[in-house]
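Worksheet: one structure, shown below.
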There are 2 protein chains.
Amino acid sequence: MRKVAVAGVGMTKFGLSEKSQVEMFAEAAMEAITTSNLKPKDIQAVFVGNVLGDFEEGQMNIAPFCAAEIGLDPSVPATRVEGACASASVAIREAFIWVASGFYDIVLVGGTERAMAMGTPLATRTFAMGTDSRYEEFAGITFPGAFAMVAHLYSVKYGIPLAKLKERMALVAVKNHKNGAKNPLAQFQKEITVETVLNSPMIADPLQLFDCCPFSDGAAALVLTTEEIAKKLVAKPVYILGIGQGSNGPLCRQKDVTRIRAREAAARQAYKMAGLTPQDIDVCELHDCFTIAEIVASEGLGFFDFGKGSEAVEKGETQIGGRIPINPSGGLKAKGHPIGATGAAQAYEIVKQLRGECGERQVEGAKIGMTDTLGGDLATIVNIIYGI
Amino acid sequence: MRKVAVAGVGMTKFGLSEKSQVEMFAEAAMEAITTSNLKPKDIQAVFVGNVLGDFEEGQMNIAPFCAAEIGLDPSVPATRVEGACASASVAIREAFIWVASGFYDIVLVGGTERAMAMGTPLATRTFAMGTDSRYEEFAGITFPGAFAMVAHLYSVKYGIPLAKLKERMALVAVKNHKNGAKNPLAQFQKEITVETVLNSPMIADPLQLFDCCPFSDGAAALVLTTEEIAKKLVAKPVYILGIGQGSNGPLCRQKDVTRIRAREAAARQAYKMAGLTPQDIDVCELHDCFTIAEIVASEGLGFFDFGKGSEAVEKGETQIGGRIPINPSGGLKAKGHPIGATGAAQAYEIVKQLRGECGERQVEGAKIGMTDTLGGDLATIVNIIYGI
């Protein structure tokens, strides 16, 4: 297997977009291609993460249209993958193997989604299709409901009073908004306080509005290539050191939703491939679709003992400058969460961090970064470790 | 790159199903696994082709639920790919590279779809989302409309009077129904005549009802592994000799819809990898979503000169026993077309043909077979060559 490098990355501003998904993808893709010092004709294959293109814009099979939009030849395969909110990370993993295997030398991968433009009522209903349609959906469960249950169980299991846990969850939102305020591509670039969170409308007890990430439009993309080619193309290639993917079934088959077995499996795969441990990670972008989701993810990835993630937030260990800075981009919470694009946007941030290009939100000296992307109500997890 | 083998295959009966998509997938998957003399725990990764799970059953991110249904561990990645009607073949191509690369030894891949159970009006509207949402869909184009245009252009371009072309198109349907009548898993197991076609209701001039494949429910699956493992597991491994995938943009960017450039590119890739030519193919399952689609595909794959495909049908060259038997399974026309499953069902037929297990519809002495799967209105094409 060949070492796989990221040559260039691209990303649109997240928020409300007037562009179509294909146009947003093309914008991010062209940035990734040009900053790789390549031209579209150099791209040998395309992978696109997209979740709800059919519901949003009546567009299925979006990948060939993305490829055509940047002028690629019919001989270039263009493939859509869907793993709910983890779609783009699943796409990166597919792109990875085609380069690692030696089959292709230069592959474009990214994600695109319009989830804000479709409006909250339809977005909420369609997102809920990521739950199990036979066992969960008919019961009316939505994602805020699922993660509210995680928060309640977490509180009980670890003996952390709910009021205390809610304060710590609020601190996750405060941190991520603080980071997002330093990210010009973030949907929310405004700091908030613990009071902002605790005084915001209740969504699904105990999750309040500011515990929840927004609906967003946006796209992000990467060019993957070999180590040899990347070194010729750009000054600072970033490498994929480890990659893992896991899968869970319906919630009813999961013993303990505060510990996502698919994540533990995926992270184990990624660490093993990289020959690294959680202590080696300098910066992490993880799936904070809800504040409690960041806490359980930080434990599942091995940064903190189980049950200790909320305390670590309180101690500032996950801030920029802390022991393990988490979501310096602002995360899903503040940067935004265009679901099919999120994994690629996480990769964008980690690549920029490892290149030292993040300005005010730079994690100083970061050499190894990790992404964590969750799809569905704990059904799909992809972890990727990047290094310079 | 390692040689990739198909150890076992499985397929549900096509038609109307009372099972969910996940249950149908599990049925096909368990047949593929058990006939490979394996157990579910041997599967290291899963790929699922599925197109409209969200519209049909409110189920996105279907792959982890498919994996859980057959009891797989959370460490097993399960990935959905979508390339409209080519989804399962795109999935096979993804599964292929993970085995060929040496990353995994045993991978399950298949497709599942409920398109009949959702009813014709919704199926027609949602299928149309495979067209370009910016340039085509708003004009009201559906798949019968797109292929009707192909038929008209074909008639004019090659100087074949429409009445003559319609008779030859009808002969495609007659042949495929004749083959389907010998396939116990086919949706239609009844022979028809040219008159049946020409007296059937007009759908989109010149395509009549019997020029069109049906909506179908069904699933099919394959176990891919290495040559070495396959030889230990089963008496008759079948090998993937060549594989290719191409992409087209919107119809308005295609110069000539009777020649699908994505197919010509995909076929070229597959032939090149296999070191074979069209003359080497003993049997082919191709994408006859409409009778005219079979004719243009037979030319695009190189079996006949451009403009000569309809004449070849008239001469019986595509029948079982003819020069190049096409769609011995009955094809999409008679076997049925559960869109996300079709590519895997084509693979099922070719594997069974190469093993000599097709009974009355056996192509005698077939050693090399090919599949051709089309997604969207000419947007995605996958070609795979199998051999013993």
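The values are calculated or read from the model by the stated rules, or taken from the named source; none is laboratory data. Quantities reported herein were computed from a predicted structural model and do not represent experimental measurements. Glycine also receives a Cβ, built like all others from the backbone with ideal geometry; neighbour counts cover every protein chain displayed.
Structural remarks
- Qualifying residue in region A:353-375 (condition: surrounded by 24 or more Cβ atoms within 10 Å (Cβ to Cβ), hydrophobic (A, V, I, L, M, F, W, C), within 18 Å of the chain's Cα centre (by Cα) and over 24 Å from residue A:221 (Cα atoms)): no
- Within region A:120-156, the set of residues being surrounded by fewer than 22 Cβ atoms within 10 Å (Cβ to Cβ), outside any helix (DSSP H, G or I) and touching a residue at least 40 places away in the same chain (Cβ under 8 Å) comprises A:134, A:135, A:136, A:141, A:142.
- Unique residue being of a type outside the set (Phe, Trp, Tyr), in contact (Cβ under 8 Å) with a residue 60 or more places away in the chain and surrounded by fewer than 24 Cβ atoms within 10 Å (Cβ to Cβ) when the list is B:73, B:105: B:105
- Among the residues of region A:274-286, the one identified as small (Gly, Ala, Ser) and surrounded by 18 or more Cβ atoms within 10 Å (Cβ to Cβ) is A:274.
- Test: residue in region A:90-108 that is in contact with a Lys or Arg (Cβ under 9 Å, 6 or more places away or on another chain), within 12 Å of chain B (Cβ to nearest Cβ) and charged (D, E, K, R): no
- Looking across region A:109-136, the residues that are over 21 Å from residue A:66 (Cβ atoms) and either at the interface with chain B (Cβ under 10 Å from one of its Cβ atoms) or in contact with a Pro (Cβ under 8 Å, 6 or more places away or on another chain) (or both) come down to A:125, A:127, A:128, A:129, A:130, A:131, A:132, A:133, A:134, A:135, A:136.
- Considering only residues in region B:64-85 that are facing chain A (nearest Cβ under 8 Å) and assigned to a strand (DSSP E or B), the one that is farthest from residue A:48 (Cα to Cα) turns out to be B:78.
- Scope region A:34-65; condition under 13 Å from residue A:8 (Cα atoms) and surrounded by 24 or more Cβ atoms within 10 Å (Cβ to Cβ); matching residues: A:36, A:43
- Selection of region A:333-378 for residues being within 24 Å of residue A:25 (Cβ to Cβ) and either at pLDDT below 95 or within 14 Å of another protein chain (Cβ to nearest Cβ) (or both) yields A:339, A:340, A:342, A:343, A:373, A:374, A:375, A:376.
- Cross-chain or 6+ apart pairs with Cβ under 6 Å, region A:52-63 first and at the interface with another protein chain (Cβ under 7 Å from one of its Cβ atoms) and assigned to a loop (DSSP other than H, G, I, E, B), then surrounded by fewer than 24 Cβ atoms within 10 Å (Cβ to Cβ) and acidic (Asp, Glu): A:58/B:137; A:60/A:54
- The set of residues from region A:163-203 being small (Gly, Ala, Ser), closer than 26 Å to residue A:111 by Cβ and outside any helix (DSSP H, G or I) comprises A:181, A:186.
- Within the set A:24, A:1, the sole residue that is surrounded by fewer than 18 Cβ atoms within 10 Å (Cβ to Cβ) and within 14 Å of chain B (Cβ to nearest Cβ) turns out to be A:1.
- Filter pass, residue B:294 being within 14 Å of another protein chain (Cβ to nearest Cβ), in contact with a helix residue (DSSP H, G or I) (Cβ under 7 Å, 6 or more places away or on another chain) and acidic (Asp, Glu): no
- Evaluating residue B:208 against the criteria (1) farther than 19 Å from residue B:141 by Cβ; (2) in contact with a Leu (Cβ under 9 Å, 6 or more places away or on another chain); (3) surrounded by 19 or more Cβ atoms within 10 Å (Cβ to Cβ) leaves one unmet condition, (1).
- In region B:171-191, the residues that are farther than 16 Å from residue B:316 by Cα and either among the hydrophobic types (A, V, I, L, M, F, W, C) or not assigned by TED's automatic domain parsing to the domain that holds residue B:320 (or both): B:181, B:185, B:186, B:188
- Restricting region B:235-258 to residues that are more than 25 Å from residue B:386 (Cβ to Cβ) and not hydrophobic (A, V, I, L, M, F, W, C), the residue that is surrounded by the fewest Cβ atoms within 10 Å (Cβ to Cβ): B:255
- Every residue from region B:287-303 that is buried (at least 22 other Cβ atoms within 10 Å of the Cβ) and either over 17 Å from the mean Cα position of the chain (by Cα) or part of a helix (DSSP H, G or I) (or both): B:291, B:292, B:293, B:294, B:295, B:296, B:297, B:298, B:299, B:300, B:303
- Residue selected from region A:199-256 under the condition closer than 22 Å to residue A:382 by Cβ and of a type in the set (Phe, Trp, Tyr), by the criterion farthest from the chain's Cα centre (by Cα): A:239
- For residue B:37: the one exception among (1) more than 7 Å from every other protein chain (Cβ to nearest Cβ); (2) out of contact with any Gly (no Cβ under 8 Å at 6 or more places or on another chain): (2)
- Set B:99, B:90, B:107, B:150: member being assigned by TED's automatic domain parsing to the domain that holds residue B:207 and among the β-branched types (Val, Ile, Thr): B:150
- Per-region count, region A:127-180, residues touching a Cys at 6+ places or on another chain (Cβ under 9 Å) and farther than 26 Å from residue A:195 by Cβ: 5
- Test: residue in region B:70-82 that is of a type in the set (D, E, K, R) and more than 18 Å from the chain's Cα centre (by Cα): yes
- Number of the condition not met by residue B:225 [criteria: (1) of a type outside the set (A, V, I, L, M, F, W, C); (2) outside the structural domain of residue B:169 (by TED's automatic domain parsing); (3) farther than 29 Å from residue B:96 by Cα]: (3)
- Summed over region A:257-275, residues that are more than 12 Å from chain B (Cβ to nearest Cβ) and either among the charged types (D, E, K, R) or under 21 Å from the mean Cα position of the chain (by Cα) (or both) total 4.
- Exactly one residue out of A:47, A:14, A:55 is touching a strand residue (DSSP E or B) at 6+ places or on another chain (Cβ under 8 Å), closer than 18 Å to residue A:116 by Cα and among the aromatic types (Phe, Trp, Tyr): that is A:14.
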